[in-house]
Amino acid sequence: AEYMGEFKHQTPTNATHQMSSTKQEISYSEKYDDGVYEYRHVILPNDLARVLPKNRLLSETEWRELGVQQSRGWVHYAIHRPEPHILLFKRPIEVGLQQQLALQQQQQQQ
């Protein structure tokens, strides 16, 4: 994976128009971790991959506009040059644990 640094918001052309037709084709990996961060990758269909900006990371607004759905805290952190249609995400493990605990507390109160 190659780190591309900070990103600026710029919506990919036609991405929001394509979202509804391609949402079902987006696939998500299982989460995996290194003890500090948890990671996952998201595979976009070819029609969405064509509208990805080149040489920079996506903001949360941009990847959500493409139809990627995941809980808060995930950051697009790297571009894998051979397969730019695979988005690489990470978040601190604590964020996922905090969300799980909050959900468990809500369920116990019901």
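The values are calculated or read from the model by the stated rules, or taken from the named source; none is laboratory data. Values in this document were obtained by computation on a predicted structure and should not be read as measured data. Please note: Cβ atoms are built from the backbone with ideal geometry, for glycine as well, and neighbour counts cover all protein chains shown. All accessible areas refer to the heavy atoms of the entire protein, side chains included, with ligands and DNA or RNA removed. Shrake-Rupley method; radii C 1.70, N 1.55, O 1.52, S 1.80 Å.
Using 7 Å Cα-to-Cβ label points, what is the residue 94/residue 33 separation (nm, one decimal)?
Placing both labels 7 Å along Cα→Cβ, they lie 1.3 nm apart.
When the accessible area of segment 20-110 is computed with all protein chains present and a 1.4 Å probe, what percentage of it is carbon and sulfur?
Percent of accessible area from carbon and sulfur atoms in segment 20-110: 49.
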